[in-house]
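To start, the structure itself, in structure tokens.
The values are calculated or read from the model by the stated rules, or taken from the named source; none is laboratory data. Everything numeric in this text was worked out from a predicted model, so none of it was measured. Here the Cβ is made from the backbone with ideal geometry for all residues, glycine too, and neighbour counts use every protein chain on show.
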């Protein structure tokens, strides 16, 4: 038990030092803090220059709430819980494997030196996105998880920052379900996978932006604003009542498994969910909402 308490303590101090380093060190390209800011400003500029809903304000409804969510979820949430949880879970799993004479490295499907780096990272990206697609479906189909996911679907006007409006329990669910599958892949350094995460952030921002883009033929591969708007539709036909267009970065999973749904442009459809007018409007109350709802 003492070992795990040390891991938690070291996780907090280690991530805090990392976060301080990110704020002051501008000499490495994989700086997640400023990378998020640059991507956000770029997509916001596209919204301003090419707005799909021209009557939507530049500072749309809940703009500042979503901006707070963006930085809280992307940085502070890791400091508060996720890093400690991840490191403790990794050590716990290793301890279990040691009882049968194994370690996580023994179970890895390939070594990072066995494949060209681009191919290894592409496999990492595909596996990660497919797990996220399946997890996203669970968030809509399991009532307990849906109560947490309602925070994301409480967005009433789409904009880039809505991408990272979600309850803190969501990444706990995502990371729990993808930890072992990703651990079986090669162990890449943070700098190696930075390009994967930056690409995913950019596509996620674009999906939620006030842009009427579908990327042409690439719409069958990449999620896009005209597709994702329907994921946030307040009213859907009964045969898709649990949701549609679950893709995070890739849309191809929805086309393969027939969960795609784009009946028309969706430019002016109402967003949200049933009875969302009763949903809390502040950050604190939204975070507390699932705790007292069945």
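Here are the numbers for the structure shown:
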{"read-out": "Filter result for residue 244 (buried (at least 17 other Cβ atoms within 10 Å of the Cβ) and part of a helix (DSSP H, G or I))", "value": "no"}
{"read-out": "Residues of segment 104-140 satisfying the condition of being farther than 16 Å from residue 179 by Cα and either modelled with pLDDT of 95 or more or in contact with a strand residue (DSSP E or B) (Cβ under 8 Å, 6 or more places away or on another chain) (or both)", "value": "137, 138, 139, 140"}
{"read-out": "Residue satisfying all of: in segment 205-232; in contact with a strand residue (DSSP E or B) (Cβ under 7 Å, 6 or more places away or on another chain) and either without any contact (Cβ under 8 Å) to a residue 60 or more places away in the chain or under 17 Å from residue 49 (Cβ atoms) (or both); surrounded by the most Cβ atoms within 10 Å (Cβ to Cβ) among these", "value": "223"}
{"read-out": "Of the criteria (1) modelled with pLDDT under 80; (2) more than 24 Å from residue 43 (Cβ to Cβ), which one residue 191 fails", "value": "(2)"}
{"read-out": "Evaluation of residue 151 against (1) closer than 22 Å to residue 119 by Cβ; (2) assigned to a helix (DSSP H, G or I) (one fails), failing number", "value": "(1)"}
{"read-out": "Test: residue in segment 207-218 that is more than 19 Å from residue 46 (Cα to Cα), in contact with a helix residue (DSSP H, G or I) (Cβ under 6 Å, 6 or more places away or on another chain), modelled with pLDDT of 95 or more and in a loop (DSSP other than H, G, I, E, B)", "value": "no"}
{"read-out": "Search result, residues across segment 250-287 that are under 12 Å from residue 227 (Cβ atoms), assigned to a loop (DSSP other than H, G, I, E, B) and in contact with a strand residue (DSSP E or B) (Cβ under 8 Å, 6 or more places away or on another chain)", "value": "251, 266"}
